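The values are calculated or read from the model by the stated rules, or taken from the named source; none is laboratory data. All values derive from a computational prediction rather than experimental measurement. With ideal geometry, Cβ positions are generated from the backbone for all residues, glycine too; neighbour counts draw on all protein chains shown. Just the protein is used for accessible areas: all its heavy atoms, side chains included, with ligands, DNA and RNA removed. Shrake-Rupley method; radii C 1.70, N 1.55, O 1.52, S 1.80 Å.
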Amino acid sequence: MFQYEEYVYTVYKEKSFTRAADRLFVSQPALSAAVKKQEERLGFKIFDRGTPSLSLTEEGEVYIRAIERLHALKTDLGNQVMDITSLLSGSLTVAGANFISSFVLSEIIERFTALYPGIEVNLIESNSKELESFVIEDKVDIVFDYTYNEEFIRGEPLLRENILLAIPSKDPLNGRLSDISLTSADIRIGKHLQAETPAVDLRLCEGESFLLLKPGNSMHHIAKALLSEAEVNYKTTIRLDQLMTAYNMCGLGMGLTFLSDTLIKSTAENANIRYYKLSSLHASRILYMEYKKHKYVNRAMRRFMTLATELYS
């Protein structure tokens, strides 16, 4: 019976009998016969085979949701068993964007694996849109990201990042702003957080070339909001995937950009960039530790999040 359920669910996920058969390592005729037998046992059709793309019937939709609840129960059982083993064995899957994985998660994972060598930690790197779906579909235990869907996901704040304007040192604009510019050493000691440190007027960047990340990235939305708020007309000739790429290109003199103090403090000194404090509600963001609502938070998950909080409090 359970084998038939897995067959049906795989067909649903793959949206194709052919792809599902390949994934299950069975022939397509055998898979089709198994699904048909399950439909006969249930007394209703699960799939509407009369549509161009394989879709669920109304009864099939209810059946699939029931299978997903069974999957969740199995996962919770495994999590609770892991608790009993006192973190001597098991696995934990965490995820974050490339920048977060490199500069935040790597340190947490290093600390966690040193304390609990029996727990296998799997790290997934992706973009914000995919990260949210990973949580909802139970593909990961914890996601580290800047936004989340409150209907399905619970988020615990880890750290607040402050956003700064980064200008290549050779840009003439620095000459007009020399009295308020900051170095990465200044950022490391928190000078940009001091009330007496003056903020830059973004309107002075009128007509400048900016290095922006692609839509879907948290820093893309922040940059657009900051520039729109200041009513700055700017140029951009390249869209980037990674914040670290924007940092490196800025250092090469290819344009202005916006960077987080987390990145600036985590990288080596770059004398080719000057930094400027921003005075805007858009100039900060919170990194959250996120997990699915109503999910059983096992000891490995809780301990990982506790270590993260201890590191970044």
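Rg/Rh for segment 197-313 (Cα atoms only, Rh after Kirkwood) is 1.05. Residue ranking by accessible heavy-atom surface, 1.4 Å probe, largest first, among THR57, THR237 comes out as THR237, THR57. Taking other residues whose beta carbon is less than 12 angstrom from the beta carbon of ASN122, and scoring Lys, Arg as +1 and Asp, Glu as -1, yields -2.
Of the residues GLU150, GLU68, the one with the largest accessible area comes first in the ranking GLU150, GLU68, computed with a 1.4 Å probe on protein heavy atoms.
Within straight-line reach of LYS265, meaning a Cα separation under 20 Å, sit the following lysines at least 8 residues removed in sequence or on another chain: LYS191, LYS277. Given a 1.4 Å probe and the protein chains as shown, LYS15 ends up with an accessible area of around 100 Å². Candidates ILE46, GLY90, SER280 compared by Cα position along the dipole of the chain: farthest toward the positive end lies ILE46, with charges placed on Cβ. Counting charges near GLU137 (Lys, Arg +1; Asp, Glu -1) among other residues having Cβ under 14 Å from its Cβ returns a value of +2. Assign one of three labels to segment 92-142, namely rounded, prolate or oblate, based on the Cα gyration tensor with a ≥ b ≥ c the square roots of its eigenvalues; rounded applies when a/c is under 1.5, prolate when it is not and a/b is larger than b/c, and oblate otherwise. Taking the square roots of the gyration eigenvalues as a ≥ b ≥ c, segment 92-142 is oblate. For segment 1-86, the spread of Cα positions along the three principal axes, ordered from largest to smallest, is 51, 28, 23 Å. An ellipsoid equivalent to segment 142-240, defined through the eigenvalues of its Cα gyration tensor, has semi-axes of 28, 20, 12 Å when rounded to whole angstrom and sorted largest first.
On the full set of protein chains, 1.4 Å probe, figure out the accessible area of GLU40 and give it in Å² to the nearest 10. The accessible area comes out at roughly 130 Å². For the chain, the equivalent ellipsoid derived from the Cα gyration tensor has semi-axes of 47, 24, 15 Å, listed largest first. For GLU5 and LEU88, the FRET efficiency from 1/(1 + (r/R0)^6), where r spans their Cβ atoms and R0 equals 41 Å, is about 0.80. With all protein chains in place and ligands, DNA and RNA left out, the 1.4 Å accessible area ranks ASP201, ASP179 as ASP179, ASP201, largest first. On the principal axes of its alpha carbon atoms, segment 22-63 extends 28, 26, 16 Å, with the longest extent given first.
Taking only the alpha carbons of segment 1-154, we obtain Rg and Dmax values of 19.2, 56 Å in that order. Each residue was assigned an accessible area with a 1.4 Å probe, and for ASP241 the value is about 90 Å².
Summing +1 for each Lys or Arg and -1 for each Asp or Glu among the other residues whose beta-carbon sits under 14 angstrom from that of LYS265 gives -2. On the principal axes of its alpha carbon atoms, segment 39-129 extends 54, 34, 12 Å, with the longest extent given first.
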